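The values are calculated or read from the model by the stated rules, or taken from the named source; none is laboratory data. The shown structure was predicted, so the numbers you read here are calculated from the model rather than taken from an experiment. Note that each Cβ is placed from the backbone with ideal geometry, even for glycine, and that neighbours are counted across all protein chains shown.
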Amino acid sequence: MLVYGHYDVQPPDPLEGWASPPFEPEVRDGRLYGRGGADNKGQHLAQLLAVESLLATRGELPCTVKVLLDGEEEIGSPHLAGFADAHRDLLAADLVVWSDGPVDPGGGWRLVFGVRGIASFELRARGANRPLHSGNWGGVVPNPLWTLVHLLATMRDAKGRITVEGFHDQVEPLGQAERAALDRLPVDVEAVKAELGLEELDDPVERGFAERLAAFPTLTINGLHGGYGGQGTQTILPSVAVAKCDARLVHAQRAADVYDRLEAHVRRHAPGVELVRQGSMEPSRTPMGSRFTAPIREGMAAAQGADPLLVPTLGGSLPLHVFTGVLGLPTFGVPLGNPDQANHAPNENLDLDRFHTGIKTAAAVLAKLGF
């Protein structure tokens, strides 16, 4: 078994949001607070302590364990695929297991078979060579913010459908087993809306909650920047505008193809706008009928006291295509973090009861796989 984890973390900003220093771990009320405590050092440590515990109590492991630690996951693991391809013998295994992210929002443990990919990019528009007075120049000089607004409006319609030509061509729908698993996931949509202060979910309204995260790609505007954003008013016509975006990808889309489709769309609708490719990860999916599914479920149930929820695909992204695509290895996620772990945010934390159960879970999974 190859155990994957990462030791790099997100920046701690905003620092004023932390109740204790982000890089000085502190235990409060049964939780460990600190950047990386949940994402991903604490969860990966549970896997390592399971190995240590089995060696201490049995003198040997039920199966061979290899450990791979990634230092670039938070920036898309740009060198991991090349490393894996160049060191196939070193990473040879029968399966991969990772522990990252939270358990189900309702608290149930989850066994995860895949993740969506991601393709991040910037759209950059330019106007004049400097900001200008909006009265003296408005209506004469092009406004790059309006250029981006109009371009973005051609990429997704009011019903939430992505309208980039060819964007969905490579999407492969979920199979019957995956759809059945999604239908069994407990989701209280009204509770989610209440917690987030929402009246409605995003369009298209006919799509189910879990189905949205597993079966469909997305196109998101992460930020739109340009002109004046300070206090009061500054009546300028901006010279530069930038839209930061990402596309979440599903099986079997590929980032390079999606970038190509986006670039063609930009050339067609706003040829003066520059699209700058950023980091990307390919989507990953392991068949739920894998021969390793049953022993992993048995190990999880033995340690956790209940059969785990089966999740065909998470909405987020991890560099798991390196294992399923480059190395051809079935890959399974066993998240150990509490639902409110606040990863990527101030006061990131790991519930220590979950952490201890995670050690037992990792040990039980190894035992079921090896004996």
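Condition (residue is under 30 Å from ALA93 (Cα atoms), among the acidic types (Asp, Glu) and surrounded by 20 or more Cβ atoms within 10 Å (Cβ to Cβ)) applied to the stretch 28-41: is it met by at least one residue?
Taking every residue of the stretch 28-41 in turn, at least one turns out to be under 30 Å from ALA93 (Cα atoms), among the acidic types (Asp, Glu) and surrounded by 20 or more Cβ atoms within 10 Å (Cβ to Cβ).
Output the qualifying pairs, or none if there are none: Cβ atoms under 7 angstrom, residues six or more apart or on different chains, first residue in the stretch 297-324 and free of Cβ contacts under 8 Å to residues at least 60 places away in the same chain and more than 20 Å from LEU95 (Cα to Cα), second residue surrounded by 24 or more Cβ atoms within 10 Å (Cβ to Cβ) and of a type outside the set (Asp, Glu).
Matching pairs, first to second residue: none at all.
From the list GLY138, GLY106, GLY166, GLY127, pick out the single residue that is out of contact with any Ser or Thr (no Cβ under 9 Å at 6 or more places or on another chain) and assigned by TED's automatic domain parsing to the domain that holds THR233.
Being out of contact with any Ser or Thr (no Cβ under 9 Å at 6 or more places or on another chain) and assigned by TED's automatic domain parsing to the domain that holds THR233 holds for just one of GLY138, GLY106, GLY166, GLY127, which is GLY166.
When you scan the stretch 121-140, do you find a residue that is at pLDDT 95 or above, under 23 Å from GLU263 (Cα atoms) and within 18 Å of the chain's Cα centre (by Cα), even just one?
yes
Out of ARG35, ARG31, ARG58, I need the residue that is in contact with a helix residue (DSSP H, G or I) (Cβ under 8 Å, 6 or more places away or on another chain), of a type in the set (Lys, Arg) and farther than 27 Å from LEU327 by Cα. Which one?
Criteria check complete, one pass: ARG31.
Hey, among the residues in the stretch 206-240 that are part of a strand (DSSP E or B) and within 27 Å of the chain's Cα centre (by Cα), which one's surrounded by the most Cβ atoms within 10 Å (Cβ to Cβ)?
LEU219
Please go through the stretch 190-205 and give me each residue that is free of Cβ contacts under 8 Å to residues at least 40 places away in the same chain, surrounded by 12 or more Cβ atoms within 10 Å (Cβ to Cβ) and more than 25 Å from ALA243 (Cβ to Cβ), ordered by number.
The answer is LYS193, and nothing else.
Picking from GLY279, GLY289, which residue would you name as being assigned to a loop (DSSP other than H, G, I, E, B) and over 19 Å from GLU165 (Cα atoms)?
Only one candidate qualifies: GLY289.
Out of (1) at pLDDT 95 or above; (2) buried (at least 17 other Cβ atoms within 10 Å of the Cβ); (3) touching a strand residue (DSSP E or B) at 6+ places or on another chain (Cβ under 7 Å), the odd one out for ALA270 is which?
(3)
Output the residues belonging to the stretch 320-339 that are modelled with pLDDT of 95 or more and part of a loop (DSSP other than H, G, I, E, B).
Once the filter is applied, which keeps residues that are modelled with pLDDT of 95 or more and part of a loop (DSSP other than H, G, I, E, B), the stretch 320-339 yields LEU320, LEU327, GLY328, LEU329, PRO330, VAL334, PRO335, LEU336, ASN338.
Exactly one of these conditions fails for ALA362: (1) over 30 Å from HIS168 (Cα atoms); (2) small (Gly, Ala, Ser); (3) under 19 Å from the mean Cα position of the chain (by Cα). Give me its number.
(3)
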